[in-house]
Each structure stands twice: as structure tokens, then as C-alpha cells.
1. Could you check what % of the DSSP bridge pairs in segment B:146-295 are antiparallel, to the nearest 5?
2. If each of residue A:112 and residue A:244 carries a label point 7 Å out from its Cα toward its Cβ, how far apart are those two points in nm?
3. Can you pick out the pairs among C:308/D:218; C:308/D:190; C:33/C:202; B:190/B:223; A:109/D:281 whose Cα atoms lie more than 19 Å from each other?
4. Full extension from residue B:219 to residue B:138: what is 0.36 nm times the residue separation minus their Cα-Cα distance, to one decimal in nm?
5. Amide H to amide H under 5 Å from residue B:261: which residues, 5+ apart in sequence or cross-chain, H placed 1.01 Å off N in plane?
6. Out of residues 5 or more away from residue D:47 or on other chains, whose amide H comes under 5 Å of its own, with H placed 1.01 Å from N in the peptide plane?
7. What order do you get for A:255, B:232 when you list them from fewest to most C-beta neighbours inside 10 Å?
8. In whole Hz and in residue order, list the ³J(HN,Hα) couplings for segment B:184-199 that follow from phi through the Karplus curve 6.51 cos²θ - 1.76 cosθ + 1.60, θ = phi - 60°; x for Gly and Pro.
There are 4 protein chains.
Amino acid sequence: MKAVVKTEAGPGAKFMDMDTPEPGPRDVLIKVKAVAICGTDIHIMEWTPYAQARIKPPMIFGHECCGEVVKVGDQVTNFAVGDLIAVETHIPDETCFMCRTGLQHICEKMLIIGVHVDGAFAEYAKIPAVCCWKLPKDTNPDLGAILEPWGVAVNGILKGEVNNRSVAVFGCGPIGLMGLGSISAWGASKIFAIEPAEARLKMVHQFAPDAVLINPTKQDANKVIMDATGGRGVDVSIDISGSEKGIQGTFKAVRRGGRVSLVGLPSSPIALDLTADIIYKEAKVFGSTGRTMWQTWYDMQNLMDSGKFDPLPVITHRMPLSDFAKGLDLAKSGQAGKIIFYP
Amino acid sequence: MKAVVKTEAGPGAKFMDMDTPEPGPRDVLIKVKAVAICGTDIHIMEWTPYAQARIKPPMIFGHECCGEVVKVGDQVTNFAVGDLIAVETHIPDETCFMCRTGLQHICEKMLIIGVHVDGAFAEYAKIPAVCCWKLPKDTNPDLGAILEPWGVAVNGILKGEVNNRSVAVFGCGPIGLMGLGSISAWGASKIFAIEPAEARLKMVHQFAPDAVLINPTKQDANKVIMDATGGRGVDVSIDISGSEKGIQGTFKAVRRGGRVSLVGLPSSPIALDLTADIIYKEAKVFGSTGRTMWQTWYDMQNLMDSGKFDPLPVITHRMPLSDFAKGLDLAKSGQAGKIIFYP
Amino acid sequence: MKAVVKTEAGPGAKFMDMDTPEPGPRDVLIKVKAVAICGTDIHIMEWTPYAQARIKPPMIFGHECCGEVVKVGDQVTNFAVGDLIAVETHIPDETCFMCRTGLQHICEKMLIIGVHVDGAFAEYAKIPAVCCWKLPKDTNPDLGAILEPWGVAVNGILKGEVNNRSVAVFGCGPIGLMGLGSISAWGASKIFAIEPAEARLKMVHQFAPDAVLINPTKQDANKVIMDATGGRGVDVSIDISGSEKGIQGTFKAVRRGGRVSLVGLPSSPIALDLTADIIYKEAKVFGSTGRTMWQTWYDMQNLMDSGKFDPLPVITHRMPLSDFAKGLDLAKSGQAGKIIFYP
Amino acid sequence: MKAVVKTEAGPGAKFMDMDTPEPGPRDVLIKVKAVAICGTDIHIMEWTPYAQARIKPPMIFGHECCGEVVKVGDQVTNFAVGDLIAVETHIPDETCFMCRTGLQHICEKMLIIGVHVDGAFAEYAKIPAVCCWKLPKDTNPDLGAILEPWGVAVNGILKGEVNNRSVAVFGCGPIGLMGLGSISAWGASKIFAIEPAEARLKMVHQFAPDAVLINPTKQDANKVIMDATGGRGVDVSIDISGSEKGIQGTFKAVRRGGRVSLVGLPSSPIALDLTADIIYKEAKVFGSTGRTMWQTWYDMQNLMDSGKFDPLPVITHRMPLSDFAKGLDLAKSGQAGKIIFYP
């Protein structure tokens, strides 16, 4: 089969022939229908320190994917050939304290598809059954491929309720946009979207029509939020930017007794005024990573089924997998939404 | 002033002249702009055992009201002449364990306006400042008068989240209808409305356009719900009927691990299959009474401000207070939505 | 091997030779070290309607057990020959909504060891690896055998916090006693134990030295509780009796805004005054069944490791498995605590 | 009356005659029986920037106090002459969103006794009734005086449950010590106390006999905690140090999915590795300030009544109020526990 392979410890990757993998007893083999680019894939392509610390070439990368089951391991009972599945990227060990108390997604011995084991920039991929989400047969595979990043937003959003709450989202990249759409569908009373890139900010109203748009390079985000909330701040403040300014803004925006969810991943330590921003306010702060298995996936399926929100507009480019280098360049530029490859 | 007075221990009431009350140091005096009929008022009019146990004539009854402040006690700092207010009916003592731990609405020494002290079927009413909710000046007084019953629904609904949850509501009287509208605005993924009175059921789509309508005298409510939820049941099941069948249906409808809110008040004990319906399911059951002070009122104000839901269509009749007997008869018939009196 | 077998659809059982079971790929085979009698075993022995509805003879019953792993299926990675394990009786299907959202113990397709599949009144038992809890090697197997019933109490107790809370426990059979010991170790501020059987009541202080003992056939339980709580009632009220009087007492005892956990299984519907006991009080009621997998087991292990509570005194009789009929008679008499068989 | 007065904007204070205050309609006047020194008092004495920003001389400071009611305002119904009370330092405005939703202690317009209004380093003090906690008549006034700082610990501890949880406390000053005693009484399964000052560390076992003592200047605190928790970290990690190292240690110590409470107040921003310490771990972080009104006070009263913990040993010095300068010097040295003045 054809696959995108990191062949050696350095920048770049090759589109080349690889053996089609054989599923183990608790795996399925899928024919990949659509696979999206994640920021992690750019790290791997560029061979950043993040990649150097984790990737052992040769390895197929890519992990946000949707495919059809074509082979089933003999211990697998809940998936069958022909099933359309989306892939949960995190492989839990199923035996640690976290896995045994409903928190598989923060497994103590987590492996990641496309990082620690071969991924899905390929015609076929071997996926542990414990990482498969069965989709209705008529689901658009493009949608199946972006459930994984959408779930990153949903997991952070639903660390508490948003119904009838005022919510600020810092960072309107693809994950932020899908998050804003979800928040809007789930009945937030007031939504603020904060994003310095004007092109992204302009996309917000496609997802959350009533959101107040704030470009913090042009406006004082905190002032806008305080003015619109009677000086109180928002009930729920979510960072999906991972940036220092975004995170600091997230803490400033939340009201006393309010909730902060941290979703974006800062690459270095951030200085926080804990006394003013967490302690005196009695803020509640929730770290959020990946997707809660499987509550987050049920949450996404519920929302898709309700017809109240369609995340597909977050996809701005589609191309054959052989154009992987072009796609990864485009993703790196920050000028695109989600980019889909078809193997 | 003119007022509707229960003059003696027996059925009936008189529309008569009474002294305008004088507010104490922590009260306000309001000019009543609109006052709605509650089921309690019918009990008082009819002199049911419920009324006999509580009412000490002579007493002005009526309590779902909206008015304008015309006098302010000298210890009151947060209300001023000219303010438009809605009235919280429950007077907390402010000193008991409940009041001192954020649960004033279940005060151990609660008094009720229009039950234990004079109410609002009158031109003027004396209201403790601790029971006043300030409305934006341009609020329709009719809306102000129905916040109290709407809040009964909201309090029960928001004992947990409804965003993205499947929700069943048993009982579509005025409180149920306003509840359904709120649930719809707050992003429930699927809504079921169960009501035997066809006229009420027909009103549901004005409030929750996507609700599945179920008349349990014509359909097997549980079967409809189970079929629509893959046999699992709903995440959240709310009784607002207070009837034995409604309550039993509420417990049957909820999924394992799901949430039940009990809002309707049954008049006698109900036999429940606790083993099947609560224990084996690990259902979570929340009693709900009145309105959480003041979270419920903020919740209503948020929803009004968001423009996503307008409860006014629940009002079907409006008349002068002098027609109180006609209004109470109509309310008793069960053929009306909310009925508003103007003093 | 020797085993206690329900050979046909009727009362009684036989102690007889059976084939030693062969573990499947995801099972382990254990040599049973100790196995305790559960109420379910009495149902099976007596062939009650409960048993008739569930048991398909021939079947080995018994399920509260501790054993040593002697064989391991080839897909099992987290258990090894020589491990000492306690058995979780509930076999989750691992694929349903409940199993996939951290609630395996209320799996939609639950099977029960010793009810739906062969159990542990035998020299050897085949146990799915997903039902095994690994114990420190030096754990007393008697203790290992009673973790399962102890967990029934723990699951109900920890539906909320008990630290610094006043707690009433209705029903002081073996599960109630172990629950009382746990509650005491976990820092409840005040404990009430309510039990009509004087012999059981007398055992309470071995488990919860500071508990107030109440025999409801001699005292007005509610009056005692109200007098001792300033008329307020307890923060947490737990029924482990399953009896109508116990359950009604549980609801009467809880304070406004307090928590009720229902653990005991009533055999028929119970009439509850929902208005007074749940709705006006805004009680929070939690059904509890089995043991949360695996939080409850970690909770028990933590408590054992802390040295603050030893449930072993709940065991009053020990005998060889060949005396099963005598043991089951004794258990049925209600005169014993836990009874342990050694195969 | 005699009082300690900050007479002008600069270091120092005077012990001098002042008019005995007259209570307003909703105040009480107390005769101060015992008053303890808080860190805030040292700020005021030293005229630090914290004090300069808040204090308007002339002002009586001091606020951790216990006294007997000697006069009652005419609107006060729940306190009477002769009552023994402890003082909640935070004066809520009772009308803001926080106050009206059960969060008076984080009132948007909070005033503080002894900071914004006259305090209790005096023979008499005027206290708003809304800030009074009635004690049993036979309570030791010394104990009454330290409830306020003890409550600071309790509020942070009970942001979640500690029963059967492993808990680390960073910082063993007086508040930390009282916190450790509470945690021990409330059934934590394992306790770690981390404190660089050896003298304080030595006091821990008086409060929490089973705590593991860690001096981070001599041991690697994180290593000790990880070794003792199987590499997982603690369920609950609480900072009461307010120091950079303490706070960073607090985040390192908590397990995935665990809870952090921040109680100590850092004086400048702290750099946190949010990705590793909050996000990937999905830590839940709760800011905590003051005492929840009035849940925290009920929590303390429950614990006092249970007889399981006595915080009095935290008091190391007692002296007449006229020795205030000596007492404040001693407190500043860090060599003392709580110091009590008697006016």
C-alpha cells in the first residue's frame, strides 16, 4: 500500500510502498477514507524537539481519520467488516488506575496512533478495537476525520455546563471554531470569540452566529467582555489558543466563582497571577486533553444527530494523499482550516 | 385599595376595600401591575384541606406578581421608588442553616406570600426586599408576573445540565410548557413531551419546536421513548405533572445512570418500584421546589436577555382583578394557560 | 473438582464432581481459597421466583470469592499465575454506552457470576480477567471473599462525601455493618445505626464505636435522630435494609437538601410521600447497585491499606464447602454474619 | 475603651483610648474576649504596600476574634445580649450576584473588618450581624478567635472530598497545621505534610499523627510522594504556603485527574508548566479564599462537636492586648504559632 513515512530522524517524509498491516486479535484493519492534518503531523514533518522526543523512524504518521473496516481480529466482537469508523487516537492500556476508573483518555501508559505506533497517512491502518467509534453508514468520511480534533474542543467545553451560561473562547483556529459551533448549539446565553487573526475571526459567525467577535490586537478584549457582562466577567472561559496572552486573557475574563477550561497547549511555562485570577476569584480550573472515552464521542454523535451544528465548514482544503507535502506546508502557514487527504 | 380577600374559613372570596399596607423597614410597597393565578389560589378559593391547614382569614391571597415600587423601607438599600420588580413568593428567615448555606428557598421557617401573609390580588402589596427581583424597566409586566411559575420549571430543569442531553418532560401545563421552551433554548439534543390533554400537547411546538409529542392515552409513552433512544431511555426525565402515572412514567423513561427531577406535587403517596427504577439503574433523583434564590432568577433573566425564548404565549387570558371569580373558575377548568389579572 | 451444583429446576443443590473449567483467552482460572454466602445464594438454593427467573440448571453457584490464579488466558496481560485475586461478580460487556462511559457496573448487558454463568462454590472457577481485582499477596483470603459485599455498601456510601457529615444507616446486617465501619473511618461527624434485630445492633460498636444505636421496635427512630440534630435531620441517609419501614425511615431522616443513598433491594413497590420527603426537601436520591468498577475497589483497598478499618469481624462462621447446606440454612436464619466456605 | 490604632500612614500603631462604638440597626456590639494575630495585621503594622493600598488611618485593626454580645441593633433578630460569637471577617453587601447565589464570601463589593472598617484589637467591636457566628456558651474564647484562620484551611480542603483520599499539604504554618488536623479527622487515607521550617514540621504529628513529614530542603518532596503512591501522585494536593516552590510542588504532586486547592496567597505571579501540570493531567484546580458563608463555619462546628480534633495547640502565645507590639514582632519572626491577645 501507499503511505507517508518518516523514514529517518530528520525533516521530511516519503510517499512510498509499505506492507499492508495485519490486525492482531483485538485490532481491526481499516481502509482509510479520509485523514486530516493535525499540528502534531507538522511537528513530525519538521522534526521539532517534540517529534525528536517521541518518534522512532521508520513510521507512518497521521491520525485524524475515518475508514471502513476490512478485517477484524478474532477477539473483536463489536465491529464487523463494512463498518464505518472514526478513530480515537489515544490507545489506553486498559489496566491502570485511570483506565479502571473511567478516565482511559488520561491513561498512565497512553500510546498515540501516528506518534508511538503506525498511523493513518496510508491506504490502510491497523487500529485497536478499543480506539474505534462506529459511525452511521451514511456519514461523510470528511466529517469522520475531523471528529478527533472536534472532540478536543468538546472535552474542554463539557467539563461543566454551558447551557444558559456566558462563554468566552480564546483562539479561533479549527478546534476553536468547532468548539464555538458546539457552544452555540448547546444554548450558551452569550458567546465571546477572541482571536488575533482576522481571517479566522471572520469565520466565527458561520459557527456561532451570535458570538461577539473580538480581535485583541485592535480591542481591549477584557474591556469588551466586562462591559458586556456588567463588569462581572463570563461564567465559563476557555483557552484553545495555547498562547500566553490567550491564557492570561482567559483567566482575566472569568467571573468570580466561574469556570476555566484549558485546552490549548502552551509550549513553555506561563506566569499567572494566581492570587488575583484564581484564588480571590475562587475560579475553578479544569485541564482538558484529548477526548473523554467515550463520553465525548457520544456528545459529538448526539450533536450531529440533532442536526443543530455541522462542523464541515471548518474544512477548507481537500487533496490526494500524494500531495501530503503541499498539504503540510499549507497547514503550517496557518492560512488554512482543516485539510483533508484522500489516500 | 381594592383586594380579593378570603374573609372567612370556607369557600369563596370577596373583592373589597382594604387598607393599603405600610411597608416595614426591610420591605417595599409595590403597585401591582399584573398578577397571575396559581393552583394554590384555587385551593384557597375552594377551601380545600391544603388551604384549611394553612390559611388564617381574613387574608388577601394571590402571589405571582409584578409591580412597581412606590415606597421603600428605611433599611432597604437595593431597591428604589420606580423600580419594576417581580416577586419571589417564598420569604426566607435568613438565619437558619438552609438560608446560611445558599439554600434560602428551602428555608426551615419559610413563609409564603399569599398563603401565610397578605398577597397580591390587590392594588398594592407589601413585599420583603429579600423577595424582590429587579426587572429592566421595559419588561412587560405580564412577563414579570409569570416568572415565579416559570422558575418552578427552571429550578427543576437545572438540577443538572440539559445541553446536548435527551430530555423527557411529563406534564405540559403552563409550567411544563415554559420548561419545554427553556430546555429547547438550552440545547437539549432530543425532547419528549408527554401530556394526556390534547389541547395542551398541541401548544408544545410553540415552545419546543422539535419536541416529540406523546399522548399517553393514545400511545405507549415508554415505548416511543425507548424506540427513539435505542432502547436506552433519556438522559434526563422530569415530572411536572404531579400525577401517579406521570411520575411512574418519569422513572421508567430515564436511562441507567440518568437524572430524574421531580417538580410536580403529588397529593398522595406514590408506589415506586425502587429496585427496578432507581437502584438497579443507579438513577439520580432530585426533588425540586420553588426557585433557587437567586440562581433560578438569574437563569431566567439570562434566557430572556438572550432572546432565545419567550414564555408569554403561555398566557391565554387577561382580565381585570374584579373578574377574579371568573378567572379562578377558568383556571380550575384546566382549559386555560396562565391567566393574568390587572388590579 | 468438587462443586455445589444446582442440578435441576427446584429447591436444593448437590455437592458433586464437575469438570475443572478451562479459561478462555481473556479469562483466568482460580483455585478458590474462600467463598462467602450471599443472599442470592439462598434464593438459588430455595428456588424462589428470583432464582426461577434467572438460573438455568445445571449450574455452579456462589460468587463472593477470593482465589489464586492457576491458569491465564493468552490475551490476558495484567494477571499472572500465583496472583491472589478477589472477584467482581458483575461481568460487563465492555461495549455498551454504560461500559464506554465509566459505568461498567450498570452495563446494559450485564451477566452475573454464579447466576448467569458458573460460580465459585467449587475448587476452581473460571473468571473473566475484566472481573479480577489483584490483592497484595499476604491478604487474608477471608477478607478477599467479603470485598464484594463490602463494596455494595461502599458504592452507596460514596455517592457523595461523608467526611464531617451526619450519617444514618438503616439496616445493620453484614453489609450495613461493613458500611458503618467505613463511614466511621472516613470521618463522619455523627453516625446513627438503625436496626430492629437486637443481636445485629449489638455488633455495631465493633465497627463504628461512636454510632448512636436505635432499635426502631423500641424507640421512635426519627425522634431520636431529630433530637440529636437540632430538628434538622441528617446530611446523609442510607438504606441498606431494603425494607419498607427502613426505606421510609431513610427518607424521613434526611435533612432538607440532604442526600439519600438506596442500597437495599425491596422486593415490591414502596409507597413514598414524594411531596414531603423528596420534593419540598429537595432531597438528592442516588440508587446504588453493585460496585463501581473500579473506583469502589480502589476505595476498599485504600481503606484496608490505611489500617483504619478491618471488616473481618463481620465473619461469624467458617466451614468446609461440603457443609454448604448447613451454611445456607444458617445464613437463611438471619442469626449469622458472613459465613465463609473453604473448598 | 482601649484599642490598638493605626493613627497615621506609616509604620507602627498606638495603644490608646477610643470611643466605644455604637452598633447600627443591623449590628451587634461585642466585648472582645480574645483576638488573634493574622498576617494582615503585620502588613498593617509595618505599613507594607498591601496596607498602603487599603488602610485609611485612623483605624483600629485586628479581626480574628471572639466576643460576647453586649448590645444588639434593633433590626437584629438572631443574636441576643450574652451570646458568645466568633467573627467572620468578610462583610458581604448581600445584594450582588455572588451574595445572591450562595457565594457571599466572594462578594463583588466585600469589605473586611480590621482593614476597611474598624476591627477588634480593642475592648469592644461593632460587628454586622451578618458576620456573627454563635458559639455554644462554654466555648473557649481562644478557640473562638482562631476559627477564622482555621476556616481558611477548611474552605480549601472541602472544595472536594478528602475521605479515603491521599492528600498532600504544602505549608505547615498555623493554617496548614489546623488543616492537617481536619484532614486527618475527616478520614484521609494517606497524608503528606511538606514544610521547610523544621520547627513547624515537628508540630505536625500533634495534628495529624499519621502524616508523612517532608522537609523539602532535605528531601525531594515529589520523589517521596511518588514512591509512596506507586508513582501516581496524590488525589488531593493543597497549597497553604503561598510560595513559588510550594505551589509548583503542589501541582507536581497531584495525580492525573486529581484535585488541587490553592489557599496560600503568592505575592507575585508564578510560572506554571500548564501543559504538564494541569492540561495533560486533567487536574482540577480550585481557588479558595476566606470561608464559605456559612458552610465552612458549620463544618468547623461539626468537627468541634465531634470531639475528633482540637485546634487549640496551634496557639503558642497568649498576652494582654497592651503587649500588642511584642506580639506582632513575635508573629513576624515566624517562630510562633497563633498568638492571642486579651483586651
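Read-outs throughout are calculated quantities, based only on the coordinates presented, and are distinct from any laboratory measurement. Nothing here was measured: the structure is a model prediction, and the numbers come from that model. Every residue, glycine among them, receives a Cβ derived from its backbone with ideal geometry; neighbour counts consider all protein chains shown.
1. Numbers: 0 of 21 bridges.
So the antiparallel bridges in segment B:146-295 amount to around 0 percent.
2. Simple spin-label model gives 2.4 nm for this pair.
3. C:308/D:218; C:33/C:202
4. Gain on extension, residue B:219 to residue B:138, equals 24.8 nm.
5. B:237, B:238, B:239, B:286
6. When sequence neighbours closer than 5 places are left aside, the close amide H contacts are D:12.
7. Ascending Cβ contact count within 10 Å gives the list B:232, A:255.
8. Those phi angles translate into 5, 5, 8, x, 4, 7, 8, 10, 10, 10, 10, 7, x, 7, 4, 4 Hz.
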